[in-house]
Structures are given as C-alpha cells and as structure tokens.
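Structure record follows, encoded as structure tokens.
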Amino acid sequence: MKKQFKAESKKLLDMMINSIYTNKEIFLRELISNASDALDKLYFTSLTDKKLKVNNDDLEIRIELDQNERTIKIIDNGIGMNKDELENNLGTIAKSGSELFKESSDQKQNIAIIGQFGVGFYSAFMVSSKIVVNSKSINSLEGYTWTSSGADGYTIKENAKKENGTEVILYLKENTDDINYDEFLDDITIEKLVKKYSDYIRYPIKMETSKDDEKDKDKSKEDEILNSMIPIWKKNKKDVKDDEYNDFYSDKFYDYEKPLKIIRSEVEGRCSYTSLLFIPSRAPYDYYTKEFEKGLQLYSKGVLIMDKCSELLPDYFSFVKGLVDSEDVSLNISRETLQENYQIELIAKSLETKIKKELENMLKNSREDYENFFDNFGKQLKYGIYSSYGMKKDDLVDLLLYKSSKTKKYITLKEYIENMQEAQKTIYYACGESLDKIDLLPQVEMVKEKGYEILYLTDYLDEFVIKTMMNYDNKEFMNVADEKMDLDTQEEKENLKKANEENKNMFSLMKDVLGDKVNSIQFTHRLKNHPVCLTTKGDVSVEMEKVLNAMPNQNDIKAEVIMEINENHEISKKLEQLYKKDDKEKLEKYTKILYAQARLIEGLSIDNPTEISNLVCEIMAKDK
Ligand code: ADP
C-alpha cells in the first residue's frame, strides 16, 4: 500500500524534484553525511553496549555506479533503520523544521529554512526519479525496503537483508537538454565530488575504479579510497581554504549562510586540543528559545564521542558552533562524568578566552561585522552579565554596544567615556521602544541640549543589565527619567526648591486626586518646552515596571512614580491660579489630564480613556 508524505515533506519534496538548487551535486555530500552519521551512531552505541562487537576498522561507506541500470548506490554498514525509523525519518522532515515550513510560502524563506536543517536525504530527488532504501537496523531482525518515486508517496516492504546498515539506490532522472544526469555515473566525477565535499569524513569512502592495466591490456577493477580521511581540523592550516571550512560548517551545522568568523586553534599543554569554532552570521531561528541546545562536538583522537558537549561553552557564548578534538579526553567519557572532568574544564576555560579575544579583535578591526554579530547575539552577552549578577561584568562589558543619542549609531561604553564632557560625571541613558520614541521623550530634550550624550536603550534587558553593572569606569549610570537627574545650577536649584515649597499645598491637593497612582507631584526644570513627565525614584523605572509586569506570575510591581510639571511652562501658572481661586473642580480635571498625558508619553496605557477624552473635549468646547 502506498503511503503519502506529510504535507510539509511533500512541499520540500516538490521543491527538490523541481530542483531549486543550482548545485544538484550536493546530494552526494548529504547521503555520505548520513552514512557517516550512521557509522558514528553505531560506534557510539558500541561504546556503552558491550554486546555489540564493532571493529572501528570495518566501518566504511561504499559507492557503486551502474551505467546500464543508471543507478548510484551509497552503502554503509552503520546503525541502520528499522521499519518505524524508515517511516519516520524518510517520510517526514525534522519536526521543528516542518512547523516553520508550514507557515511560509515564500521560496527564498523556504531555502533559508532548509539551510538551517539541511535538506538531507530529500536532496537525492534532485537527481533521481526513484529512490530505493534497503536497511537493516541493529535493533531489528528483519530488514526493510523503502521505495519512492517522489510526490506520489512511498512504500515499505520487508526484505532479506542480513547485514546491518543501509543501502540507498538512486535511479537517475532521464537526461534533458540542459542537464546531463549521466555525469554522475562517471567515476571521475564522483571522485571529484567526494574530494570536494566529503574529504574529511573519517570513514573510508570506497569505490571500485577502473584502472588501465599495462600487462593485461585489459581493464581491471580495484577498490580505491576516495577521501583522505583526515579531518579538516587536523589538516595543515595553510592547506585549507576558507571555502572548505565554510562547506564543512554548512554541512555539519546546518547553516546555509557562511560563518561570520572561523576560529581554529591548536593548543599544547596540560591539556592539548585542536578546535575549530564558528561564529554564525545569523542567530538560528530557535536561538532565543528553550529548545536551543548549546554545545560543541567533542572528538577524541578524531573520533566523535559527543555531539553537543555543553560544558565546553559558557551560556553567554552559546552561539558558537564547532568542535574540539583532544587526545587527553577519554573515549569513555559520559554525560555524567563530564561535569567533574578536569580536562573539559581546562579546555572550556581556554576556549572562552579565545572566543573573547576574537570578538574583541572583530570589534576593533571590523566594526561592521561586529555590529552584525551584536545585532544577532548581543542579547546573549547582556544576559551573561545580568544572570551572573554582574560577576561577568568585567569580562563582557566592553563587548556591549549601545545606540548613541548623537549619531544614532552603536558606541561602546569606552567610546562614551572618551566623548564625555569635562565636567560630566555620569553616564546618561534613556529607555523606550525605539530610537525615535526615545528621542521624543520630554526628559531627553534638556539633557541633549546641554550637550550630553545619552545611551538609547531599546532592548527590554538593557536597563536591568545596567542596574546590575551599577557603574562603568567609576562613573555611575543615570536614567534621564530618574528623579535624581539634575542639571540645574545651584541658583536654579534653590529657586526650584522654593517654588515647590510654596506650592506644597496645591500639590498635595492634586495628589489626592490621583491617589496612589503617583508618589508625589512637583515642579521641575528638566523639561525644556514640554509641560509634564513622569520620573521614578528608586530601583524600578517605568520601563522596568512594564517588563516586569509583562512576565508571567509577577505580582503587581510598581515603580515609585513622581509627576513632574515644568515650572517654566504656562500650565504651571494656570494651576497656581486655579489653586488661588480655590477652583477645585477645574484643578482636579487638569490634574487628571496632565497625568494621562504623562503616561501616554511614556508609552503607558491609561485606565480611563473615556473620561479623559470627555474632559479634553469639554475644555475645547469652551475655548473662545
Ligand atoms: P538529517 O540528516 O538532517 O537528520 P535527512 O533527511 O538526511 O536529515 O535524514 C533523516 C534521518 O534519516 C536521519 O536523521 C537519520 O536518522 C536517518 N538516516 C538517513 N540516512 C541514514 C543512513 N544511511 N543510515 C541510518 N539512518 C539514516
């Protein structure tokens, strides 16, 4: 009975059949990768399952070409697939990938998604009209055959395969005017492709090749190993081109975009190791979700012993992909013993230093790349400071970037300090949803006018991180919307104090109108032309209040809010008049409107919009 592919798989399949990729040849790399993974898995399993007798030297991948049948076979003696696995692995694409796939209809985006998961097995449909997979799993007594001619579905039948492993048979498509599929039946082409894409595979990739035999004047066939089997990270540095690293990266780590940075190092010492690390150009789609798993591949003498060793990377560098190969790490290391493993700890420390240095260099020497990096992964660095309660501040703070009020471009804190005015003692910042919105905040205007640079924080994490750091280079951070913010001269200060003192009773009356929505009301000089704003006192700012209350299970967290009214604005004279005339009703209305305005400016909602709207219209109607 024919079974249908799942909807998303069918979509991918259609794309493969109608081949969007110009380089169809990558199918070979994908199938060899799968075969190599299957050998790894078998080897892995044999490390813990003593009943399994696996001799590393017997593990191999074989390619067979048949010009008459027009088939290519890729054969491995790896772990194999049982019936369910054939069904689940070849009938569907990776679950997480398919979710995304369902939503997008755009070709370009689809390619991007594919890039992140690897098209894998399905890419074989770019060159095949029919695919047969014969497989026997080490966990199953029977072998099974999966057959499909593409979109119309697949069948699974029992077969008589006795040895463990998988044989993939590709029936090549008919040649067309544009594409000559027969080229893949040529052993020279295949050899070239293996060298190009799969040279580093650590298992031998064998193929019978024809050799002209001088004596017999006859063609004799003999097995040849097509790949060097030297892993790319073990090759001489000068013999490996960036392109090869890039191909290796996209093959192993499912990212179709070139890595932003390749870091390769060899370390001799208390614990010797080779590492090949990549900083991706783009955050994976699931990077900031809990599904994302950090970690590096761990090899011992060229043998993969763990796929995602998370102990090798600190959380704040979790974006790094790559591998570590060390002779000093035992083959029998397990997840349980990993945590106390001294070697792993040493390697992790040393890698951390390397990654940090690389980022610092990038920041210094290729700013554009670094800014791109920061847009993708900056949040993670900030989180590193926040979640360590500032303990990691010294390590990470100079890698942070903030947008400047002056240029709207990124600056480091170091650069901020260098640009500071002579008498300036404080690092000013302002928070909001976007640069434009922050730029329009009333509290910002005066600070800018006095010539001070302000850091514009648009990421919800930013202010929490700044509060955690407390200061930089002995300069304190100050939110321009903090009540303590003060740019007045001594004389101005005294005048303001006097004015506030004189109007104490009026403010207290107004405060009664607003109840516990505000802690107090006062005049201010911080607003140049704007009538009113909110400032906060203490640890929680208005922005932080928004973030905290958006979190699940949070009790109502309240910033200590002060409503400040511009003493130099006509509205304050008006308020004073009303108070003197004892026009309580009007004073009450105006207070409500002012408070609503202040909230709206901060991007906060108001809970009585109808009332406010009616009040404003009432006043408008009376206007002569
Ligand atoms: P990916 O390799 O990215 O997971 P593929 O579509 O290439 O995606 O393969 C899907 C799954 O099928 C693999 O994850 C693996 O479990 C299984 N598979 C493919 N080829 C083989 C093989 N030669 N031996 C054993 N399992 C295989």
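The values are calculated or read from the model by the stated rules, or taken from the named source; none is laboratory data. Just so it is clear, the structure is predicted and the values come from calculations on it, not from any experiment. Cβ: placed from backbone, ideal geometry, glycine included. Neighbour counts: every protein chain shown. Calculation scope for accessible area: heavy atoms of the full protein, side chains included, ligands and nucleic acids excluded. Shrake-Rupley method; radii C 1.70, N 1.55, O 1.52, S 1.80 Å.
Among the residues of the range 515-530, are any of a type in the set (D, E, K, R), open to solvent by 40 Å² or more (accessible area, probe 1.4 Å) and under 17 Å from TYR428 (Cβ atoms)? So far as the range 515-530 goes, yes, one or more of its residues are of a type in the set (D, E, K, R), open to solvent by 40 Å² or more (accessible area, probe 1.4 Å) and under 17 Å from TYR428 (Cβ atoms).
Okay, residues lined up against (1) crowded, with 16+ Cβ neighbours inside 10 Å; (2) modelled with pLDDT under 95; (3) part of a loop (DSSP other than H, G, I, E, B); (4) away from the ligand (no atom under 15 Å from the Cβ):
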| position | (1), (2), (3), (4) |
| --- | --- |
| ASP57 | no, yes, no, yes |
| ILE63 | yes, no, no, no |
| ILE72 | yes, no, no, no |
| LEU86 | yes, yes, no, no |
| SER96 | no, yes, no, no |
| ILE114 | yes, yes, no, no |
| SER123 | yes, yes, no, no |
| VAL132 | yes, no, no, no |
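Could you list all residues from the range 566-591 that are surrounded by 18 or more Cβ atoms within 10 Å (Cβ to Cβ) and of a type in the set (D, E, K, R)? Once the filter is applied, which keeps residues that are surrounded by 18 or more Cβ atoms within 10 Å (Cβ to Cβ) and of a type in the set (D, E, K, R), the range 566-591 yields GLU567, LYS589.
Residues of the range 143-161 that are open to solvent by 70 Å² or more (accessible area, probe 1.4 Å), more than 22 Å from ASP66 (Cβ to Cβ) and assigned to a loop (DSSP other than H, G, I, E, B): ASP152 alone. Of all residues in the range 234-250, which are within 16 Å of the ligand (Cβ to nearest atom) and hydroxyl-bearing (Ser, Thr, Tyr)? Correct list: TYR249, SER250. Residues considered: GLU266, GLU257, GLU224. Of these, the only one that is open to solvent by 30 Å² or more (accessible area, probe 1.4 Å) and closer than 18 Å to PHE374 by Cα is GLU257. Looking for something open to solvent by 40 Å² or more (accessible area, probe 1.4 Å), more than 14 Å from the ligand (Cβ to nearest atom) and touching a helix residue (DSSP H, G or I) at 6+ places or on another chain (Cβ under 9 Å) - is there at least one such residue anywhere in the range 27-49? No: zero hits. Answer with yes or no whether LYS102 is more than 16 Å from the ligand (Cβ to nearest atom), in contact with a helix residue (DSSP H, G or I) (Cβ under 9 Å, 6 or more places away or on another chain) and at pLDDT below 95. The answer is yes for LYS102. Scanning the range 147-166 for residues that are under 36 Å from the mean Cα position of the chain (by Cα) and within 12 Å of the ligand (Cβ to nearest atom) turns up GLY165, THR166. A count restricted to the range 285-309 and to residues that are open to solvent by less than 30 Å² (accessible area, probe 1.4 Å), modelled with pLDDT of 90 or more and either under 11 Å from the mean Cα position of the chain (by Cα) or of a type in the set (Ser, Thr, Tyr) (or both) stands at 1. If the condition is being surrounded by fewer than 18 Cβ atoms within 10 Å (Cβ to Cβ), touching a residue at least 24 places away in the same chain (Cβ under 8 Å) and under 25 Å from ASN474 (Cα atoms), then the range 360-402 contributes GLU360, SER387, TYR389, GLY390, ASP395, ASP398.
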